[in-house]
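Read the figures in this text as sums done on the coordinates, not as results from a lab. In this text, all values refer to a predicted model and were calculated from it rather than measured experimentally. Reconstructed Cβ throughout: ideal geometry from the backbone, glycine too, with neighbour counts over all protein chains shown.
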Ligand SMILES: Nc1ncnc2c1ncn2[C@@H]1O[C@H](COP(=O)(O)OP(=O)(O)O)[C@@H](O)[C@H]1O
Ligand code: SF4
Ligand SMILES: [Mg+2]
């Protein structure tokens, strides 16, 4: 699987640098973004003061254990619910302050591929209707043009044209995920948020879907926020990777840095968990860290460093003082008291 | 999708039996008014003829000499009309309340559910009697009264379906397209919440027919329209001497109510995805 993907790996670093120098606002910027869910059990701190930047055409990978707040982040970006604090800037504009027309325009440019292929398609709508829906809502083209676009989309994601008359239950998980991707692609968005887009699929199907996403990126320059709990999958997709732990970003760096020189103990633990024959050579003689215990409850996050309860290097300072994200290298930041120097 | 559901219905004995009985009643109502176009209130023959006594009155006559067969045909039309129309009103009100409450949650939901509870605490039949009595007995008031008292279970059903559906990923996907709320409700959530509403509506039709008969029996029916309940009400004094006057419409009510119950039960099985897997 890795080999197949590597052939398709395109790096967009050139484009990204160009943007940075031309003083264009980043495509997506999250500023001190927090989300607290109030439940019967108490306040769930799903996301705590997250800062992230995503440039045009870039793929940012977001990785972390299940329950660390990845889906919450995705849903905040999609404006499915409002943040408790902080800002989301799309194209430099705060999405909370957009009027109706701006909101609709943003929806067209910002699309999402969902995790569960068995829940993400309306069981009572034909595939053709599902793919036509975005075009109808955004008044793109007449009936003939829309049908043509639906056919084009089906072909683009590798499905038969007759699929348009079929219903979701007639398709396999991988085929449904292709339909979900076609739907996200229908309006030619600038950014597609993929939340665990391949996690529910068989390993053999997974590579095909990842390749499709890479193809689309190469062809249309679409940016991805690629979310997964699987670091190996994220690494192959991403230009940069952000590692999340319990609602916080603990390390952020270009993909290769994360892979070759992970600085945060949690990132190192995720690396250790990757079943790979190359792991030894990658980690060198660094100590292999096995994650112990469960993710602490976001109802009551640990004091100081949130990783403190599971970190093999934890000291008194870690319990008392929260580490801030600091630059370790160019474009590489890490939040650990002892990771730098 | 609907073809599969239809196949399941056709494999279900209860549904088939209910459907056949229903077709029979509809045929009686349609063909009957063709063959027996007379006025059911008119004195057509000698009074108190037993069924079979006179071929002109195959089901006999009542104490006023009114032809029971003609009355039965008129009653079939009234029963079906009141059953379908009031179940439709009940579904409309129930879907509206349940959909808005389940979709918007919060204070909208709290407000709508409070009203629903209010309607549920008053006994249905008592409320129907009061409504009909207040607004003059007629077929139209009966339809509205029965519809107005029977929607709360539908509202609760739709609400709970919407609460689950609104979190499903295909609904989130539609939201992220920028779809408007009415479009979201009508094209994404409602079609997926409808099957159980169809089942409960079939049962509502049965209840409505019974309620209408009871109202007419109590003399709260439309004074110009002969319904099965009216015939029973008129014949109740002679029930010992001429039981057939109450018996014939009584059996008819039983059969129709049974038909819609069977149909509802069959639909419930046919639309229940868990049963399909076995
Ligand atoms: N709607 C919600 N209400 C209450 N708690 C929620 C809600 N959504 C997510 N959470 C909680 O927030 C935390 C983060 O969840 P999520 O973002 O789904 O994590 P991930 O996608 O990384 O697995 C979890 O503890 C989860 O239980
Ligand atoms: S700050 Fe302390 S507890 Fe947190 S990761 Fe670093 S060493 Fe571990
Ligand atoms: Mg998730």
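Compared with the dominant principal axis of the Cα atoms in chain A, helix A:203-220 is inclined by about 70°. The spread of Cα positions in the stretch B:192-268, taken along each principal axis and listed from longest to shortest, comes to 52, 22, 14 Å.
Can you tell me the mean projection area, over all orientations, of the convex hull of the stretch B:1-105's alpha carbons? Units nm², please.
Averaging across all directions leaves 10.4 nm² for the Cα convex hull.
The alpha-carbon atoms of the stretch A:155-247 define a convex hull whose volume equals 116 cubic angstrom per residue.
Divide the volume of the convex hull around the Cα atoms of the stretch B:62-201 by the residue count and you get 126 Å³ per residue. In this structure, residue B:111 and residue A:260 have a Cβ-Cβ separation that, at R0 = 56 Å, corresponds to a calculated FRET efficiency of about 0.40.
Contact order, relative form, for chain A: 20 percent (alpha carbon pairs under 8 Å, 6 or more residues apart, mean separation divided by residue count).
Taken over the C-alpha atoms, chain A has Rg and Dmax values of 20.5, 68 angstrom. The stretch between residue A:39 and residue A:215 holds 59.2 nm of extra length on full extension. This uses 0.36 nm per residue minus the Cα-Cα distance.
With contacts taken as Cα pairs under 8 Å at a separation of at least 6 residues, the stretch A:117-271 carries a relative contact order of 18 percent. Working value for the stretch A:19-157: equivalent-ellipsoid semi-axes of 30, 21, 15 Å, each the square root of 5 times a Cα gyration tensor eigenvalue, largest first.
Compute the acute angle (0 to 90°) between the alpha-carbon long axis of helix B:139-150 and the principal axis of greatest extent of the alpha-carbon atoms of chain B; round to the nearest 10°. That works out to roughly 40 degrees.
For the stretch A:143-201, the mean projected area of the C-alpha convex hull, equal to one quarter of the hull surface, is 4.4 nm².
Per residue, the Cα convex hull of the stretch B:135-190 amounts to 86 Å³. Using R0 = 22 Å, the C-beta based FRET efficiency linking residue A:295 and residue A:325 works out to 0.65.
Normalised by the number of residues in chain B, the average gap of Cα pairs under 8 Å and 6 or more apart makes the relative contact order 26 percent. Taking the DSSP beta bridges with both ends in the protein assembly as shown, the antiparallel portion is around 60 percent.
Averaged over peptide B:164-174, the number of partner chain Cβ atoms lying within 10 Å of each residue's Cβ comes to 6. Taking Cα atoms only, the orientation of helix A:143-156 departs from the longest principal axis of chain A by about 50 degrees. Estimated from helical segments only, the mean residue ellipticity of chain A at 222 nm is -10500 deg cm²/dmol, where each DSSP H run of four or more residues counts as -39500 (n - 2.57). Here is the P(r) of chain B: all C-alpha pair distances, binned every 5 Å from 0, give 1, 6, 11, 14, 15, 14, 12, 9, 7, 5, 3, 2, 1, 0, 0 in whole percents.
Expressed in whole Å with the largest first, what are the equivalent ellipsoid semi-axes of the protein assembly as shown derived from the C-alpha gyration tensor as the square root of 5 times each eigenvalue?
67, 25, 21
Rounded to the nearest 0.05, what FRET efficiency do residue B:84 and residue A:118 have when you use their Cβ-Cβ distance and R0 = 30 Å?
Approximately 0.25, to the nearest 0.05.
Per residue of peptide A:225-235, the mean number of Cβ atoms on other chains within 10 Å of the residue Cβ is 0. Convex hull of alpha carbon positions in the stretch A:291-336: directionally averaged projected area 3.8 nm².
How big is the stretch A:197-341 by the Kirkwood estimate over distinct Cα pairs, in Å? Every distinct Cα pair counted, the radius reaches 16.6 Å. Per-residue shielding of A:116-122, expressed as the average number of other chain Cβ atoms within 10 Å of the residue Cβ, stands at 5. In terms of overall dimensions, the stretch A:83-136 has a Cα radius of gyration and Dmax of 14.7, 39 angstrom.
Quick one: pull the percentage of alpha-carbon pairs in the stretch A:204-274 with a separation above 19 Å. Of the Cα pairs, 36 percent sit more than 19 Å apart.
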